[in-house]
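Written below as C-alpha coordinates is the structure these notes are about.
The values are calculated or read from the model by the stated rules, or taken from the named source; none is laboratory data. Bear in mind the structure is a predicted one, so any value in this text is a computation, not a measurement. Quick reminder, even Gly has a Cβ in these numbers, built from the backbone with ideal geometry, and neighbours come from all protein chains shown.
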Amino acid sequence: MILVTGASGQLGTAFRKRLGDRAEYLDRSLLDLSEPDAAGTTVRALRPDTVINCAAYTAVDRAQDEEDIALAVNATAVGEMAAACHDIGARFVTYSTDYVFDGTKPGSYVESDPTTPINAYGRTKLEGEQMALAVNADSLVIRTSWVMSGTHRNFAAVMLELIAKGDVTVVADQHGRPTLVDDLVVGTMRALDAGVTGILHMANAGTTSWYELARTIADIAGLDPHRVAPCTTADYPTKAARPLNSVLDSERIAALGLAPLPDFHGALEAAVHELLAS
Ligand SMILES: NC(=O)c1ccc[n+]([C@@H]2O[C@H](COP(=O)([O-])OP(=O)(O)OC[C@H]3O[C@@H](n4cnc5c(N)ncnc54)[C@H](OP(=O)(O)O)[C@@H]3O)[C@@H](O)[C@H]2O)c1
(Lines give C-alpha, C1' and ligand atoms only; values in the text may rest on other atoms or scores of the structure.)
Protein backbone atom coordinates (compact mmCIF):
# COMPACT_ATOMS: atom_id res chain seq x y z
CA MET A 1 0.00 0.00 0.00
CA ILE A 2 1.14 3.53 -0.81
CA LEU A 3 0.52 6.18 1.86
CA VAL A 4 0.17 9.78 0.70
CA THR A 5 0.42 12.53 3.32
CA GLY A 6 -0.63 16.14 2.76
CA ALA A 7 -3.46 14.71 0.68
CA SER A 8 -5.43 17.95 0.43
CA GLY A 9 -2.58 20.01 -1.07
CA GLN A 10 -1.83 20.55 -4.77
CA LEU A 11 0.49 17.58 -5.11
CA GLY A 12 -1.47 15.31 -2.76
CA THR A 13 -4.61 15.98 -4.82
CA ALA A 14 -2.76 15.07 -8.03
CA PHE A 15 -1.57 11.79 -6.47
CA ARG A 16 -5.15 10.98 -5.46
CA LYS A 17 -6.30 11.64 -9.04
CA ARG A 18 -3.52 9.41 -10.43
CA LEU A 19 -3.40 6.58 -7.89
CA GLY A 20 -7.04 6.40 -6.76
CA ASP A 21 -7.59 3.40 -4.51
CA ARG A 22 -4.03 2.12 -5.00
CA ALA A 23 -3.13 4.46 -2.12
CA GLU A 24 -4.36 5.68 1.24
CA TYR A 25 -4.52 9.39 1.86
CA LEU A 26 -3.94 11.36 5.04
CA ASP A 27 -4.73 15.04 5.29
CA ARG A 28 -3.83 17.31 8.20
CA SER A 29 -6.94 16.27 10.16
CA LEU A 30 -5.68 12.66 10.14
CA LEU A 31 -1.96 13.35 10.51
CA ASP A 32 -0.69 16.68 11.80
CA LEU A 33 3.04 16.89 11.14
CA SER A 34 3.51 19.71 13.64
CA GLU A 35 3.47 16.78 16.09
CA PRO A 36 6.41 14.88 14.55
CA ASP A 37 6.19 11.84 16.85
CA ALA A 38 2.71 11.13 15.47
CA ALA A 39 4.19 10.96 11.97
CA GLY A 40 6.52 8.07 12.86
CA THR A 41 3.88 6.31 14.93
CA THR A 42 1.31 6.51 12.13
CA VAL A 43 3.70 5.09 9.53
CA ARG A 44 4.69 2.22 11.83
CA ALA A 45 1.03 1.46 12.57
CA LEU A 46 -0.16 1.50 8.95
CA ARG A 47 2.91 -0.36 7.58
CA PRO A 48 2.70 0.92 3.97
CA ASP A 49 5.14 -0.24 1.26
CA THR A 50 5.77 3.36 0.27
CA VAL A 51 5.20 6.75 1.88
CA ILE A 52 4.90 9.77 -0.41
CA ASN A 53 5.09 12.87 1.75
CA CYS A 54 3.25 15.73 0.05
CA ALA A 55 2.67 17.64 3.29
CA ALA A 56 4.74 20.72 3.97
CA TYR A 57 4.65 24.07 5.64
CA THR A 58 4.66 26.08 2.40
CA ALA A 59 3.78 29.62 3.59
CA VAL A 60 7.16 31.11 2.65
CA ASP A 61 6.66 34.56 4.20
CA ARG A 62 4.87 33.34 7.34
CA ALA A 63 7.70 30.89 7.98
CA GLN A 64 9.92 33.88 8.79
CA ASP A 65 7.84 34.31 11.98
CA GLU A 66 7.05 30.63 12.58
CA GLU A 67 10.33 28.90 11.80
CA ASP A 68 9.87 26.52 14.74
CA ILE A 69 6.55 25.23 13.39
CA ALA A 70 7.91 25.08 9.84
CA LEU A 71 10.92 23.15 11.14
CA ALA A 72 8.69 20.61 12.92
CA VAL A 73 6.62 20.00 9.76
CA ASN A 74 9.34 20.29 7.10
CA ALA A 75 12.19 18.62 8.94
CA THR A 76 11.54 16.82 12.24
CA ALA A 77 8.40 15.05 11.03
CA VAL A 78 10.11 14.22 7.73
CA GLY A 79 12.97 12.61 9.65
CA GLU A 80 10.50 10.66 11.80
CA MET A 81 8.69 9.29 8.74
CA ALA A 82 11.95 8.44 6.98
CA ALA A 83 13.16 6.56 10.07
CA ALA A 84 9.87 4.70 10.39
CA CYS A 85 10.07 3.70 6.71
CA HIS A 86 13.62 2.43 7.27
CA ASP A 87 12.40 0.33 10.21
CA ILE A 88 9.48 -1.27 8.36
CA GLY A 89 11.31 -1.63 5.00
CA ALA A 90 9.17 0.90 3.14
CA ARG A 91 10.24 3.40 0.49
CA PHE A 92 10.14 7.06 1.52
CA VAL A 93 9.67 9.96 -0.87
CA THR A 94 9.57 13.61 0.13
CA TYR A 95 9.80 16.92 -1.70
CA SER A 96 12.15 19.82 -1.33
CA THR A 97 12.59 23.10 -3.09
CA ASP A 98 14.66 25.41 -5.26
CA TYR A 99 14.74 27.68 -2.18
CA VAL A 100 17.58 25.62 -0.71
CA PHE A 101 19.78 27.69 -3.07
CA ASP A 102 20.62 31.38 -2.77
CA GLY A 103 20.03 32.08 -6.47
CA THR A 104 23.41 33.67 -7.17
CA LYS A 105 24.76 30.93 -9.46
CA PRO A 106 25.07 32.14 -13.08
CA GLY A 107 23.72 28.86 -14.54
CA SER A 108 21.07 26.34 -13.51
CA TYR A 109 21.33 24.39 -10.24
CA VAL A 110 22.15 20.67 -10.21
CA GLU A 111 21.92 18.20 -7.35
CA SER A 112 25.55 18.55 -6.22
CA ASP A 113 25.56 22.34 -6.01
CA PRO A 114 26.17 23.76 -2.52
CA THR A 115 23.01 24.73 -0.64
CA THR A 116 22.70 28.15 0.97
CA PRO A 117 19.06 28.99 1.74
CA ILE A 118 18.24 32.67 2.20
CA ASN A 119 14.92 32.33 4.03
CA ALA A 120 13.41 30.31 6.89
CA TYR A 121 11.31 28.09 4.61
CA GLY A 122 14.43 27.12 2.62
CA ARG A 123 16.36 26.40 5.82
CA THR A 124 13.62 24.09 7.13
CA LYS A 125 13.29 22.24 3.81
CA LEU A 126 17.06 21.74 3.65
CA GLU A 127 17.03 20.42 7.19
CA GLY A 128 14.26 18.00 6.14
CA GLU A 129 16.40 16.69 3.26
CA GLN A 130 19.33 16.14 5.56
CA MET A 131 17.29 14.48 8.32
CA ALA A 132 15.57 12.11 5.89
CA LEU A 133 18.82 10.99 4.28
CA ALA A 134 20.68 10.73 7.60
CA VAL A 135 18.21 8.22 9.04
CA ASN A 136 17.27 6.51 5.78
CA ALA A 137 19.82 6.70 2.96
CA ASP A 138 17.28 5.08 0.61
CA SER A 139 14.96 8.07 0.88
CA LEU A 140 14.11 9.81 -2.37
CA VAL A 141 14.19 13.60 -1.98
CA ILE A 142 12.78 15.37 -5.01
CA ARG A 143 13.62 19.06 -5.28
CA THR A 144 11.06 20.86 -7.40
CA SER A 145 10.11 24.46 -8.16
CA TRP A 146 7.22 26.86 -8.86
CA VAL A 147 4.58 24.14 -8.28
CA MET A 148 1.21 24.75 -9.93
CA SER A 149 -2.04 22.92 -10.58
CA GLY A 150 -5.51 23.49 -11.93
CA THR A 151 -7.08 22.66 -8.58
CA HIS A 152 -5.72 25.07 -5.96
CA ARG A 153 -5.10 28.74 -5.32
CA ASN A 154 -1.61 29.27 -6.70
CA PHE A 155 0.27 31.83 -8.81
CA ALA A 156 -1.78 30.99 -11.90
CA ALA A 157 -5.09 31.29 -10.04
CA VAL A 158 -4.10 34.62 -8.47
CA MET A 159 -2.92 36.01 -11.81
CA LEU A 160 -6.17 35.01 -13.50
CA GLU A 161 -8.13 36.91 -10.85
CA LEU A 162 -5.94 40.02 -10.91
CA ILE A 163 -5.53 40.28 -14.68
CA ALA A 164 -9.29 39.88 -15.16
CA LYS A 165 -9.80 42.90 -12.87
CA GLY A 166 -7.14 45.22 -14.26
CA ASP A 167 -3.42 45.95 -14.49
CA VAL A 168 -0.90 43.97 -12.47
CA THR A 169 2.82 44.37 -11.81
CA VAL A 170 4.90 41.19 -11.55
CA VAL A 171 8.59 40.62 -10.76
CA ALA A 172 10.65 40.06 -13.88
CA ASP A 173 14.07 39.35 -12.38
CA GLN A 174 13.32 36.01 -10.66
CA HIS A 175 13.72 33.09 -13.04
CA GLY A 176 12.69 29.48 -12.59
CA ARG A 177 10.96 26.45 -14.02
CA PRO A 178 7.23 26.06 -13.42
CA THR A 179 6.27 22.50 -12.47
CA LEU A 180 2.78 21.17 -12.96
CA VAL A 181 1.67 18.60 -10.42
CA ASP A 182 0.37 16.01 -12.90
CA ASP A 183 3.81 15.83 -14.54
CA LEU A 184 5.52 15.76 -11.14
CA VAL A 185 3.40 12.78 -10.11
CA VAL A 186 4.36 10.88 -13.28
CA GLY A 187 8.05 11.74 -12.77
CA THR A 188 7.90 10.64 -9.14
CA MET A 189 6.32 7.28 -9.97
CA ARG A 190 8.96 6.67 -12.67
CA ALA A 191 11.77 7.46 -10.20
CA LEU A 192 10.18 5.18 -7.59
CA ASP A 193 9.80 2.36 -10.11
CA ALA A 194 13.47 2.78 -11.06
CA GLY A 195 14.50 2.54 -7.40
CA VAL A 196 16.13 5.99 -7.35
CA THR A 197 17.38 7.22 -3.97
CA GLY A 198 18.98 10.44 -2.75
CA ILE A 199 18.43 13.96 -4.05
CA LEU A 200 16.85 14.36 -7.47
CA HIS A 201 15.94 17.63 -9.20
CA MET A 202 12.62 17.46 -11.03
CA ALA A 203 10.97 20.40 -12.77
CA ASN A 204 9.18 20.85 -16.07
CA ALA A 205 11.42 21.93 -18.95
CA GLY A 206 11.33 25.60 -19.90
CA THR A 207 12.67 28.58 -17.98
CA THR A 208 10.68 31.75 -17.45
CA SER A 209 10.26 34.71 -15.08
CA TRP A 210 7.18 35.36 -12.96
CA TYR A 211 6.40 38.31 -15.26
CA GLU A 212 6.70 36.23 -18.44
CA LEU A 213 4.70 33.46 -16.80
CA ALA A 214 1.89 35.87 -15.89
CA ARG A 215 1.76 37.03 -19.51
CA THR A 216 1.66 33.42 -20.71
CA ILE A 217 -1.20 32.68 -18.30
CA ALA A 218 -3.11 35.75 -19.55
CA ASP A 219 -2.58 34.64 -23.13
CA ILE A 220 -3.86 31.11 -22.45
CA ALA A 221 -6.94 32.55 -20.70
CA GLY A 222 -7.73 34.95 -23.54
CA LEU A 223 -6.93 37.97 -21.34
CA ASP A 224 -4.79 40.91 -22.46
CA PRO A 225 -1.11 40.15 -21.63
CA HIS A 226 -0.39 43.91 -21.85
CA ARG A 227 -2.15 44.28 -18.51
CA VAL A 228 0.96 42.69 -16.97
CA ALA A 229 3.85 45.08 -16.33
CA PRO A 230 7.33 44.12 -15.13
CA CYS A 231 8.95 45.20 -11.88
CA THR A 232 12.08 44.19 -9.99
CA THR A 233 12.37 42.21 -6.77
CA ALA A 234 13.60 45.42 -5.13
CA ASP A 235 10.33 47.15 -6.19
CA TYR A 236 8.29 44.38 -4.52
CA PRO A 237 9.76 43.63 -1.09
CA THR A 238 8.50 40.52 0.71
CA LYS A 239 9.09 39.32 4.25
CA ALA A 240 11.14 36.34 3.04
CA ALA A 241 13.91 36.94 0.51
CA ARG A 242 13.55 34.97 -2.74
CA PRO A 243 16.42 33.65 -4.89
CA LEU A 244 16.70 35.44 -8.24
CA ASN A 245 17.82 32.26 -9.97
CA SER A 246 15.60 29.28 -9.14
CA VAL A 247 16.35 27.26 -12.27
CA LEU A 248 16.68 23.58 -11.39
CA ASP A 249 18.41 21.20 -13.75
CA SER A 250 19.39 17.59 -13.13
CA GLU A 251 22.77 15.94 -13.54
CA ARG A 252 21.15 12.60 -12.62
CA ILE A 253 17.92 12.17 -14.63
CA ALA A 254 19.56 11.15 -17.93
CA ALA A 255 22.23 9.01 -16.24
CA LEU A 256 19.46 7.12 -14.42
CA GLY A 257 17.68 6.49 -17.72
CA LEU A 258 14.67 8.56 -16.65
CA ALA A 259 12.70 10.74 -19.05
CA PRO A 260 12.88 14.44 -18.17
CA LEU A 261 9.58 16.20 -17.47
CA PRO A 262 8.13 17.83 -20.60
CA ASP A 263 8.02 21.56 -21.34
CA PHE A 264 5.67 23.32 -18.91
CA HIS A 265 3.48 25.04 -21.52
CA GLY A 266 1.20 22.07 -22.31
CA ALA A 267 0.39 21.21 -18.71
CA LEU A 268 0.08 24.91 -17.79
CA GLU A 269 -2.51 25.35 -20.52
CA ALA A 270 -4.54 22.46 -19.14
CA ALA A 271 -4.23 23.82 -15.58
CA VAL A 272 -5.34 27.32 -16.59
CA HIS A 273 -8.40 25.91 -18.36
CA GLU A 274 -9.19 23.80 -15.28
CA LEU A 275 -8.91 26.91 -13.07
CA LEU A 276 -11.14 28.91 -15.43
CA ALA A 277 -13.77 26.17 -15.40
CA SER A 278 -13.87 25.92 -11.62
N1 LIG B 1 4.24 25.27 -4.11
C2 LIG B 1 5.45 25.51 -4.61
O3 LIG B 1 5.65 26.45 -5.39
C4 LIG B 1 6.60 24.61 -4.27
C5 LIG B 1 7.86 24.91 -4.79
C6 LIG B 1 8.93 24.05 -4.48
C7 LIG B 1 8.72 22.93 -3.70
N8 LIG B 1 7.48 22.69 -3.20
C9 LIG B 1 7.30 21.52 -2.36
O10 LIG B 1 6.47 20.61 -3.05
C11 LIG B 1 5.67 19.89 -2.11
C12 LIG B 1 4.21 19.97 -2.47
O13 LIG B 1 3.82 21.34 -2.45
P14 LIG B 1 2.33 21.80 -2.75
O15 LIG B 1 2.42 22.93 -3.70
O16 LIG B 1 1.46 20.63 -3.07
O17 LIG B 1 1.95 22.39 -1.32
P18 LIG B 1 0.50 22.77 -0.75
O19 LIG B 1 -0.51 22.81 -1.83
O20 LIG B 1 0.72 23.97 0.10
O21 LIG B 1 0.17 21.51 0.15
C22 LIG B 1 0.82 21.29 1.34
C23 LIG B 1 0.00 20.34 2.15
O24 LIG B 1 0.64 20.19 3.41
C25 LIG B 1 -0.36 20.23 4.40
N26 LIG B 1 0.15 20.65 5.68
C27 LIG B 1 0.62 21.86 6.07
N28 LIG B 1 0.92 21.85 7.37
C29 LIG B 1 0.64 20.59 7.81
C30 LIG B 1 0.73 19.93 9.06
N31 LIG B 1 1.14 20.59 10.16
N32 LIG B 1 0.37 18.64 9.14
C33 LIG B 1 -0.07 17.97 8.05
N34 LIG B 1 -0.20 18.54 6.86
C35 LIG B 1 0.17 19.83 6.74
C36 LIG B 1 -1.39 21.20 3.88
O37 LIG B 1 -2.59 20.95 4.57
P38 LIG B 1 -3.79 22.02 4.59
O39 LIG B 1 -4.45 21.85 3.25
O40 LIG B 1 -4.61 21.55 5.73
O41 LIG B 1 -3.15 23.36 4.79
C42 LIG B 1 -1.42 20.81 2.42
O43 LIG B 1 -2.29 19.74 2.20
C44 LIG B 1 6.03 20.46 -0.74
O45 LIG B 1 7.02 19.68 -0.15
C46 LIG B 1 6.60 21.82 -1.05
O47 LIG B 1 7.50 22.28 -0.05
C48 LIG B 1 6.42 23.49 -3.47
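Residues that are at pLDDT 95 or above and surrounded by fewer than 18 Cβ atoms within 10 Å (Cβ to Cβ), at least 3 per element: which strands (runs of 3 or more DSSP E) completely within region 166-278 meet that? Result: 228-231.
Of all the residues in region 44-53, those that are among the polar types (S, T, N, Q) and either loosely packed, with under 15 Cβ neighbours inside 10 Å or within 15 Å of the ligand (Cβ to nearest atom) (or both) number 1.
Are any of the residues in region 142-159 part of a loop (DSSP other than H, G, I, E, B) and basic (K, R)? Checked against the condition, which is being part of a loop (DSSP other than H, G, I, E, B) and basic (K, R), region 142-159 yields at least one hit. Number of residues in region 113-134 that are away from the ligand (no atom under 12 Å from the Cβ), under 12 Å from I199 (Cβ atoms) and charged (D, E, K, R): the value is 1. Exactly one residue among A56, A63, A75 is within 17 Å of A120 (Cβ to Cβ), touching a residue at least 12 places away in the same chain (Cβ under 8 Å), in contact with a strand residue (DSSP E or B) (Cβ under 8 Å, 6 or more places away or on another chain) and within 13 Å of the ligand (Cβ to nearest atom), and that residue is A56.
Within region 133-168, track down each residue that is in contact with an Asp or Glu (Cβ under 6 Å, 6 or more places away or on another chain) and closer than 27 Å to M81 by Cα. Matches in region 133-168: V141, S145. Criterion first (touching an Asp or Glu at 6+ places or on another chain (Cβ under 9 Å) and modelled with pLDDT of 95 or more) does E111 satisfy it? Considered against the rule, which asks whether it is touching an Asp or Glu at 6+ places or on another chain (Cβ under 9 Å) and modelled with pLDDT of 95 or more, E111 comes out as yes.
Taking the numbered list (1) closer than 29 Å to T207 by Cβ; (2) out of contact with any His (no Cβ under 8 Å at 6 or more places or on another chain) in turn, Q10 passes all entries but (2). Considering region 81-102, the residues that are among the acidic types (D, E) and surrounded by fewer than 24 Cβ atoms within 10 Å (Cβ to Cβ) include one that is farthest from N136 (Cα to Cα), namely D102. Scanning region 4-43 for residues that are more than 13 Å from the ligand (Cβ to nearest atom), in contact with an Asp or Glu (Cβ under 7 Å, 6 or more places away or on another chain) and under 25 Å from M148 (Cβ atoms) turns up nothing. Looking only at region 144-164, residues that are more than 12 Å from the ligand (Cβ to nearest atom) and crowded, with 21+ Cβ neighbours inside 10 Å come to 3 in all.
Of all residues in region 33-58, none satisfies the criterion of being of a type in the set (F, W, Y) and more than 23 Å from the chain's Cα centre (by Cα). Kindly indicate whether G206 is in contact with a His (Cβ under 9 Å, 6 or more places away or on another chain), under 30 Å from G222 (Cα atoms) and free of Cβ contacts under 8 Å to residues at least 60 places away in the same chain. When the stated conditions are applied, G206 passes them.
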